Amino acid sequence: NAGVTQTPKFQVLKTGQSMTLQCAQDMNHNSMYWYRQDPGMGLRLIYYSASEGTTDKGEVPNGYNVSRLNKREFSLRLESAAPSQTSVYFCASSELWGHLNYGYTFGSGTRLTVV
Amino acid sequence: KNEVEQSPQNLTAQEGEFITINCSYSVGISALHWLQQHPGGGIVSLFMLSSGKKKHGRLIATINIQEKHSSLHITASHPRDSAVYICAVLYSGTYKYIFGTGTRLKVLA
């Protein structure tokens, strides 16, 4: 099925460990995004890639890095995980940058716990 | 205070009830979206509004730009409507979205 695929679905890390969250879309979308969702807060944009070859910081980029590997794939890396990064992470993609109405599609989320 | 406020935060209803979820915002916007987040985590877009009212099946969304307020109504609610409903607004003149914290709806059979 067409859509956004995120891996892994669940992960537990120890403080200081590193990991990469993978995201791939097969809809030929130009723009991709990483969000985090925390209790009592709305989705917050971490990083985005408006088009292949570009990446930019969102609202809460500290502690994260991203790579737009090709048009399909956009990965999020935590170099040294901290408990404050315990969250649910969503990858999303859209045909046009910033337009929720242009086929904006979310992945099913990665639940990350940092202990 | 969040720039996008949703109410109620949690809602439990009996099957068949008419449900209203509210969204208020404090900034100038060019569009408002209602999203549905399923218990498994997946998020789907339900509506985009810039004025007036839209209907899709049992779902109706309205927006009052002057009052900076939107409502999502569900008629004849069903247990499969149980989800978190999220309001997101697009700041005027930008591509920046602000998301509400969501309303968790549970519909009992």
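Listed by Cβ neighbour count within 10 Å, with the fewest neighbours leading, A:38, B:81 appear as A:38, B:81. Pairs from the table (B:54/B:96; B:53/B:106; A:14/B:106; A:57/B:54; A:14/A:71) lying more than 28 angstrom apart at Cα are A:14/B:106; A:57/B:54; A:14/A:71. Two decimals is fine: what is log10 I(q)/I(0) at q = 0.11, 0.16 Å⁻¹ for chain B, from a Debye sum with one equal scatterer on every Cα and no solvent? Evaluating at q = 0.11, 0.16 Å⁻¹ gives log10 I(q)/I(0) of -0.31, -0.65. Shielding by partners for peptide A:92-101, expressed as the average number of C-beta atoms from other protein chains within 10 Å of each residue's C-beta, is 3.
With all pairs of separate Cα atoms included, chain A yields a Kirkwood hydrodynamic radius of 13.9 Å.
Per residue of peptide B:96-102, the mean number of Cβ atoms on other chains within 10 Å of the residue Cβ is 6. For chain B, the antiparallel share of DSSP beta bridges with both residues in that region comes to about 90%. Taking the Cα centre of the protein assembly as shown as origin and assigning +1 to Lys and Arg Cβ atoms and -1 to Asp and Glu Cβ atoms, the resulting dipole is close to 140 debye.
Counting Cβ atoms of other protein chains within 10 Å of each residue's Cβ and taking the mean over peptide B:44-51 gives 2. Over all pairs of different C-alpha atoms, the protein assembly as shown has a mean inverse distance whose reciprocal, the Kirkwood radius, equals 18.0 Å. Contact order for chain A, expressed relative to its length and based on alpha carbon pairs under 8 Å spaced 6+ residues apart, stands at 35 percent.
No value in this document is a laboratory result; all are computed from the given coordinates. Note that the coordinates shown come from a computational prediction; the quantities given were computed from them, not determined experimentally. Don't worry about glycine lacking a Cβ; one is built from the backbone with ideal geometry, like all the others, and counts go over all protein chains shown.
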